[in-house]
Amino acid sequence: PMRISFAGGGTDIPQFFEEHGGVVINATIDKYCHASIIKRADSKITIASDISEGEYILDTRKIQYDNNFDLIKAVIKITKPEFGLDIHLHNDIPPGRGLGASASLAVLITKLITQLQGIEYNDNKIEEIAYKAERDELKIKGGWQDQYAAVTGGFNYMEFKKDQQIIYPLKLKDNIINEF
C-alpha cells in the first residue's frame, strides 16, 4: 500500500535519527502498487508497465542503471535470481506523488522475487532489501518510513533510534479513521 505521512517526515533518515532520534506518524491508504511476475527458464527479463509504452528487455547478468525501471533492477541485483522474469506493473496512482510508491514497489518486487526463489524472508529483511535498493544501490536520499509502512500497513507510530526502530500500530476507531 501507499502511505500518507502526518508528522515527523525526515526524522526517519539515519543521519538524523542516529544522533537525535526520530518519530513518524503515518498511515497506509487503499491505493497500491500491483505486479505479476512469471519465472522464466532463461536469464531474460521483460518489464511492462501501465505508465510506459512497450516492453523493456534486459538480462539478469547484464544489469545497468539507465533510468528505465532502475528500482526493479536494483532489487534484482540485490536478490540475485538465477532465472529470468516476466514482470508486469500497475499502480493505482502514478509514482512521484509523495505517497511512497517507490518503496511500495520495491517491497512488492522483493517479496515476489524471493518467493519465486523459495525464500521466505521476515518483514525486517524485506524492508532492508527494499531500503538498500533505493538508498544504497541507487543513492536516492530518504528515510525508512516508506518501506516500513509498505510492509506493515495501517496507522503507525514509528520510533527511530540509533540501535533500533520500533513500530507501534495505532488502534483507531472507525469514526476517527473516517475523519482522516
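The values are calculated or read from the model by the stated rules, or taken from the named source; none is laboratory data. Since this is a predicted model, take the numbers as computed values, not measurements. Neighbour counts run over all protein chains shown; Cβ positions are idealised from the backbone, glycine included. Accessible surface areas use protein heavy atoms only, side chains included; no ligands, DNA or RNA. Shrake-Rupley method; radii C 1.70, N 1.55, O 1.52, S 1.80 Å.
Things to note:
- Label assignment, Rg and Dmax of the Cα atoms in Å derived from the structure, set (i) 16.8, 52; (ii) 23.6, 74; (iii) 16.7, 63: (i)
- Overall dimensions of the stretch 40-133, expressed as equivalent-ellipsoid semi-axes from the Cα gyration tensor (√(5λ), whole Å, largest first), are 19, 18, 11.
- Protein heavy-atom surface of the stretch 15-73, 1.4 angstrom probe: 46% of the accessible area is carbon and sulfur, with nucleic acids and ligands not counted.
- Top of Ala130, Ala41, Ala149 by mean-square fluctuation, Gaussian network on the chain, Cα under 10 Å: Ala41
- Near Asn91, the amide H atoms lying under 5 Å from its own belong to His34, Asp50; only residues 5 or more places off or on other chains count, and H is placed 1.01 Å from N.
- For the cross-link pairs Lys125/Lys173; Lys77/Lys139; Lys73/Lys125; Lys125/Lys171, the ones whose C-alpha atoms lie over 23 Å apart are Lys125/Lys173; Lys125/Lys171.
- Max mean-square fluctuation residue, GNM over the chain, Cα-Cα springs under 10 Å, options Val24, Val107, Val75: Val24
- In this simple spin-label approximation, Asp59 and His34 carry label points 7 Å from Cα along the Cα→Cβ vector, and these lie 3.4 nm apart.
- For the chain, accessible area per residue (1.4 Å probe, heavy atoms of protein chains only), Å²: 55 Å²
- In sequence order, the stretch 35-40 has phi-based couplings of 8, 10, 10, 10, 6, 10 Hz under the Karplus curve 6.51 cos²θ - 1.76 cosθ + 1.60, θ = phi - 60°, and Gly or Pro positions carry x.
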